[in-house]
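Undergrad: Next up is a structure, given as structure tokens.
The values are calculated or read from the model by the stated rules, or taken from the named source; none is laboratory data. Source: prediction; values computed, not measured. For neighbour counting, all protein chains shown are included, and Cβ atoms are generated from backbone atoms with ideal geometry for every residue, glycine included. For the accessible areas, the whole protein counts, side chains as well, though only heavy atoms, and no ligand, DNA or RNA atoms are used. Shrake-Rupley method; radii C 1.70, N 1.55, O 1.52, S 1.80 Å.
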Amino acid sequence: MEHIGILEGREKQVFEKKIGAELSDIACETSSLSGSVSQRACVFCGSRVVLYPVADAIHIVHGPIGCAAYTWDIRGAVSSGPELHRLSFSTDLQEMDVIYGGEKKLYLSLIELIEQYKPKAAFIYSTCIVGLIGDDIDAVCKKVAAETGIPVLPVHSEGFKGTKKDGYKAACFALMKLIGTGSTEGISKLSINILGEFNLAGEAWIIRKYYERMGIEVVSTLTGDGRIDAVKRAHGASLNVVQCSGSMTSLAKDMEEKYGIPYIRVSYFGIEDMSKSLYDVALHFPDHPEIMEAAKQVVSEEVKKLYPELQKFKKALTGKKAAIYVGGAFKTFSLIKALRSIGMSVVLAGSQTGNKDDYKRLKEMCDEGTVIVDDSNPVELSKFILEKEADLLIGGVKERPIAFKLGIGFCDHNHERKIPLAGFVGMYNFALEVYQSVMSPVWQFAPRKGGNR
Amino acid sequence: MKHAKTATQNACKLCNPLGACLAFRGIENCVPFLHGSQGCATYIRRYLISHYKEPIDIASSNFHEESAVFGGSHNLQVGLKNVTAQYKPEVIGIATTCLSETIGDDVPMILREYTKTYRNGTPMPIMIHASTPSYQGSHIDGFHAAVRATVVTLAEKGERQNLVNMFPNMVSPADLRYLKEIFTDFRLPCMLLPDYSQTMDGGPWGEYHRIPPGGTPASAIANAGKATASIEFTSTLAASKSAAGYLEEAFGVPRHQLSLPIGIKESDKFFDLLETLTEQPRPEKYEDERRRLVDAYADGHKYVFEKKVILYGEEDLVVAMTAFLREIGMMPVLCASGGKSGQLKQRLIELIPDLEEQGIKVREGVDFMDIEDEAKILKPDFLIGNSKGYTMSRKNNIPLLRIGFPIHDRFGGQRAHHIGYRGTQELFDRIVNTVIEQRQNASSIGYTYM
Ligand code: SF4
Ligand code: SF4
């Protein structure tokens, strides 16, 4: 194979764990290099991820059509009731709007859509162009809110003004404006909010049930199966449980500052982390030992069911190698553990948006020879997949064809998945999916396996 | 209740650079490059991948705040340098996004400056620039803009050759392969542009290809100015925006504009033209294809007669499909497009002079909510168009026949045929089968012969 160079200027974002090698601080949280084919999206994408599951609000993308068209119903975030989030609204700016400004079009769009769909709130995402032409969307939002009586929240998500993380922040900022505006009457002391859980394939429902079995009230899931009224009363909870370090930590911090609600970070992937996320919540209520008891009960019941079922997969998968490239680093940690529990090792671990601490921890967790990458690209990913002879890639839609072209298995661990991978039952689904892909006989025809005739 | 409607709801179009990126993928050894922010490139890649199921690298100049304020020249130049170093492309296809267009970056000037700075002896990739702001037009405009820009950049003057330029429009990889087969069978050398039949629907890889194999080589495109004729499949494209139009004007290559050849009549026109150009009859194989198709029409005609259809998609596709549906006795009650060339109705009237008396509605610049509102009134038996109509199909319980791009919820969209006798055959079979399946499902008896 011809040697594939790492793009100049990216050397610092790749690290291979070797004996004695010091992690000379992996460079991350930088913006992507011009000309690279990043797997990252933009600020707007970050905001969309966080707010999208709010199902009784309308989401209007202010800009030309693309940004809205490409995000129409792309996520697997499900709702138990209204489904306004699955519609795509755009101001579809035309040349004249770009020249003369799009405020009027935005105003009319909002008034009409609110009249037509009667949402509980509206989120207005500003995209790159809006940042340039200087529309005062805050003013428009204020005006429409006054006229319609519902919250109309601007989300400053111009694509070029930062990274996906800034988009998370902008979304959290909008949520902060809602939180605290509802009544907290009747909320139990033994209560939590679940943050950073988007109810992909119904995952939030699974997690919520575990907590409820422990006697914990879930005030609000942010934002999975989200409702504006629930968001408004989120400040009534005693604890914020934040999943996935990236997307909603900033909201947890803001809520801690403003409402004194402490937060913990958890992950719902894999047996180990899933169990821990129940115990950690129980630990927060030390005066109620019955909660810990219940947590142990939940874990033991679930694990008893799950463990035997995993053995079949483990037997088949032991010794197989995986490459992980997902959005947030926190998820990478869980996946490494989850893969180990089914006998697999990890030869490549990376994320689009991890920070320094994440990578330090990743380095500690990984085996010798594991490659660690930040904000990688297809060329680089493929190079390491082949070099390290991975049997599986875990990533999102953009990574899937890379895996299949090279003739290795793939598991979609992104926002578009349709099968729940969180919780104990999610671990089963995960193992099954990995098994089905890695063990498929079709790879015998892959050139990598000598399938080239 | 009818609502006032300013916002676009569930768009029935995509943005300009998407079309340009697809077209650039049809050039050999070419990397598409979006001049703008990163998000656009990532979203477009994702959207294309979900249909074609191939790795699709699109580079981007990754605008940041400074680029937005001071212009994107620096980013573009650094980006080109990096892409060149990493991908070693022969061609870079640069499409602008809304952002760089609004800032007003003078891309040709930046490219000149770049070439001057970095040339120093080493060969530079050829740089093709298409201007594709999305606030003008939609993905199909970006597609044509990229094809035209490619020809403008590469075509050279020279002695006439036995060569025909073929501009097929945004058809599937399977359609492209079929076209190549036809030209080969006619023994007629052809410059097909774009040709993403392999780059967007290729085999497995033993090693990673920065740029997938396939596509029309730049050297072949250079000959476009020497061809004896250009054929372009379009009903609505103005000469000023078309590659064939440019070649006619600049090099005197005669331009033959045909509708996308869907249905027997339109396919006949295409084959007739090939016969004229080669002065030989069509190979027997295609007579056979045609005969089988005529026979299939006879076998299946009752199933489809006077079935009402709502048709949507790119304007050229809608016009071509309308011609086909009319020749099998189906009734397009609404011909709709998210594009707005302003020509859709006119082109359709040329096909169906009594369009209005027949009650065929034509609407440009619509979104899926508009189409759904119409569907509630028109109560069609079918929807025909890309997979984005699924939401309305499911909600209103109207079967959807998926054609064109994108097909995100079915397998094999890249391998579906649409054009020529072969494509028509496939479409006809699928339409008939949709009717049969529907009848069978609705039947309380469950006939096993239908
Ligand atoms: S900014 Fe323009 S080019 Fe980019 S996604 Fe939006 S519409 Fe498309
Ligand atoms: S225009 Fe900006 S906001 Fe929209 S997709 Fe592109 S980068 Fe993101």
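Undergrad: Quick check on this structure: which one of A:372, A:342, A:336 is at pLDDT 90 or above, open to solvent by less than 10 Å² (accessible area, probe 1.4 Å) and farther than 15 Å from residue A:437 by Cβ?
TA: The conditions single out A:336.
Undergrad: Within segment A:410-453, track down each residue that is open to solvent by 30 Å² or more (accessible area, probe 1.4 Å), of a type in the set (Phe, Trp, Tyr) and more than 11 Å from chain B (Cβ to nearest Cβ).
TA: Selection gives A:428, A:435.
Undergrad: Given the residues B:116, B:88, B:81, which is the only one that is of a type outside the set (Asp, Glu), facing chain A (nearest Cβ under 8 Å) and away from ligand 1 (no atom under 16 Å from the Cβ)?
TA: The unique qualifying residue is B:81.
Undergrad: If you don't mind, another one. Does any residue of segment B:57-74 turn out to be away from ligand 2 (no atom under 16 Å from the Cβ), open to solvent by 20 Å² or more (accessible area, probe 1.4 Å), aromatic (Phe, Trp, Tyr) and at pLDDT below 95?
TA: Within segment B:57-74 (the criterion being away from ligand 2 (no atom under 16 Å from the Cβ), open to solvent by 20 Å² or more (accessible area, probe 1.4 Å), aromatic (Phe, Trp, Tyr) and at pLDDT below 95), the answer is yes, since at least one residue qualifies.
Undergrad: Turning to a different aspect of this structure: More than 12 Å from ligand 1 (Cβ to nearest atom), more than 9 Å from every other protein chain (Cβ to nearest Cβ), hydrophobic (A, V, I, L, M, F, W, C) and buried (at least 20 other Cβ atoms within 10 Å of the Cβ) - does that describe any residue in segment A:105-112?
TA: No.
Undergrad: Another one. Is there a residue in segment B:322-335 that is touching a Lys or Arg at 6+ places or on another chain (Cβ under 7 Å), assigned to a helix (DSSP H, G or I) and open to solvent by 40 Å² or more (accessible area, probe 1.4 Å)?
TA: Yes.
Undergrad: Same structure, new question: For residue A:75, work out the one condition from (1) at pLDDT below 95; (2) facing chain B (nearest Cβ under 10 Å) it doesn't fulfil.
TA: Against the list (1) at pLDDT below 95; (2) facing chain B (nearest Cβ under 10 Å), residue A:75 comes up short only on (2).
Undergrad: Please state which one of B:81, B:88 is under 18 Å from residue B:116 (Cα atoms) and surrounded by fewer than 24 Cβ atoms within 10 Å (Cβ to Cβ).
TA: B:81
Undergrad: Might you let me know whether segment B:101-109 holds any residue that is under 22 Å from residue B:213 (Cβ atoms), away from ligand 2 (no atom under 16 Å from the Cβ), in contact with a strand residue (DSSP E or B) (Cβ under 8 Å, 6 or more places away or on another chain) and open to solvent by 30 Å² or more (accessible area, probe 1.4 Å)?
TA: No, segment B:101-109 contains no residue that is under 22 Å from residue B:213 (Cβ atoms), away from ligand 2 (no atom under 16 Å from the Cβ), in contact with a strand residue (DSSP E or B) (Cβ under 8 Å, 6 or more places away or on another chain) and open to solvent by 30 Å² or more (accessible area, probe 1.4 Å).
Undergrad: For segment B:1-23, name all the residues that are open to solvent by less than 10 Å² (accessible area, probe 1.4 Å), within 28 Å of residue A:104 (Cα to Cα) and either away from ligand 2 (no atom under 16 Å from the Cβ) or without any contact (Cβ under 8 Å) to a residue 60 or more places away in the chain (or both).
TA: B:7, B:9, B:10
Undergrad: Only residues in segment A:33-62 that are charged (D, E, K, R) count as the first member; pair them with residues that are modelled with pLDDT under 80 and within 15 Å of ligand 1 (Cβ to nearest atom), Cβ under 7 angstrom, at least 6 apart or cross-chain, and list the lot.
TA: No pair meets every condition.
Undergrad: In segment A:347-357, which residues are more than 14 Å from chain B (Cβ to nearest Cβ) and open to solvent by 10 Å² or more (accessible area, probe 1.4 Å)?
TA: Hits for segment A:347-357 are A:347, A:355, A:356, A:357.
Undergrad: Turning to a different aspect of this structure: Across segment A:116-143, what is the total count of residues that are out of contact with any helix residue (DSSP H, G or I) (no Cβ under 8 Å at 6 or more places or on another chain), within 13 Å of chain B (Cβ to nearest Cβ) and farther than 19 Å from residue A:81 by Cβ?
TA: Qualifying residue count, segment A:116-143: 1.
Undergrad: Out of all the residues in segment B:1-23, which are away from ligand 1 (no atom under 14 Å from the Cβ) and farther than 21 Å from residue B:215 by Cα?
TA: B:1, B:2, B:3, B:4, B:5, B:6, B:7, B:9, B:10, B:12
Undergrad: Scanning segment B:24-48 for residues that are surrounded by fewer than 24 Cβ atoms within 10 Å (Cβ to Cβ) and of a type in the set (D, E, K, R), which turns out nearest to ligand 1 (Cβ to nearest atom)?
TA: Here the answer is B:46.
Undergrad: Filter the helices (runs of 4 or more DSSP H) completely within segment B:136-240 down to those with at least 1 residues that are open to solvent by less than 40 Å² (accessible area, probe 1.4 Å) and under 17 Å from residue B:273 (Cβ atoms).
TA: Counting at least 1 such residues, we get B:173-185.
Undergrad: Can we say residue A:203 is open to solvent by 40 Å² or more (accessible area, probe 1.4 Å) and more than 16 Å from ligand 1 (Cβ to nearest atom)?
TA: no
Undergrad: Scan A:37, A:61, A:50 and give me the residue that is at pLDDT below 90 and either open to solvent by less than 40 Å² (accessible area, probe 1.4 Å) or assigned to a strand (DSSP E or B) (or both).
TA: Being at pLDDT below 90 and either open to solvent by less than 40 Å² (accessible area, probe 1.4 Å) or assigned to a strand (DSSP E or B) (or both) holds for just one of A:37, A:61, A:50, which is A:37.
Undergrad: Tell me which residues, restricted to segment A:132-169, are in a helix (DSSP H, G or I), open to solvent by 50 Å² or more (accessible area, probe 1.4 Å) and within 16 Å of ligand 1 (Cβ to nearest atom).
TA: Result: A:132, single match.
Undergrad: Would you check if residue A:269 is of a type in the set (Phe, Trp, Tyr), open to solvent by less than 30 Å² (accessible area, probe 1.4 Å) and more than 30 Å from residue A:84 (Cβ to Cβ)?
TA: When the stated conditions are applied, residue A:269 does not pass them.
Undergrad: Do we have any residue at all in segment A:70-79 that's over 30 Å from the mean Cα position of the chain (by Cα) and touching a residue at least 40 places away in the same chain (Cβ under 8 Å)?
TA: No, every residue in segment A:70-79 fails to be over 30 Å from the mean Cα position of the chain (by Cα) and touching a residue at least 40 places away in the same chain (Cβ under 8 Å).
Undergrad: Among (1) within 13 Å of the chain's Cα centre (by Cα); (2) more than 16 Å from ligand 2 (Cβ to nearest atom), where does residue A:167 come up short?
TA: (2) is the only condition that residue A:167 fails.
Undergrad: Here's something else I'd like to know. Quick one: which residue in A:399, A:433 is at pLDDT below 90 and either assigned by TED's automatic domain parsing to the domain that holds residue A:343 or closer than 30 Å to residue A:51 by Cα (or both)?
TA: That would be A:399, the only listed residue that is at pLDDT below 90 and either assigned by TED's automatic domain parsing to the domain that holds residue A:343 or closer than 30 Å to residue A:51 by Cα (or both).
Undergrad: Can you pull out the residues in segment A:76-97 that are away from ligand 1 (no atom under 14 Å from the Cβ) and open to solvent by 30 Å² or more (accessible area, probe 1.4 Å)?
TA: Across segment A:76-97, the qualifying residues are A:78, A:80, A:81, A:82, A:83, A:86, A:87, A:96.
Undergrad: I've got another one for you. Suppose we filter B:70, B:167, B:63 for residues that are more than 16 Å from ligand 1 (Cβ to nearest atom) and within 14 Å of chain A (Cβ to nearest Cβ); which single one remains?
TA: Only one candidate qualifies: B:70.
Undergrad: Ok, one more. If I filter segment A:207-230 down to residues being in contact (Cβ under 8 Å) with a residue 60 or more places away in the chain, open to solvent by 30 Å² or more (accessible area, probe 1.4 Å) and in a helix (DSSP H, G or I), which single residue comes out as nearest to residue A:274 (Cα to Cα)?
TA: A:213
Undergrad: Among the numbered criteria (1) at pLDDT 70 or above; (2) at the interface with another protein chain (Cβ under 8 Å from one of its Cβ atoms); (3) out of contact with any Gly (no Cβ under 9 Å at 6 or more places or on another chain), which single criterion is violated by residue A:67?
TA: Condition (3) is where residue A:67 drops out.
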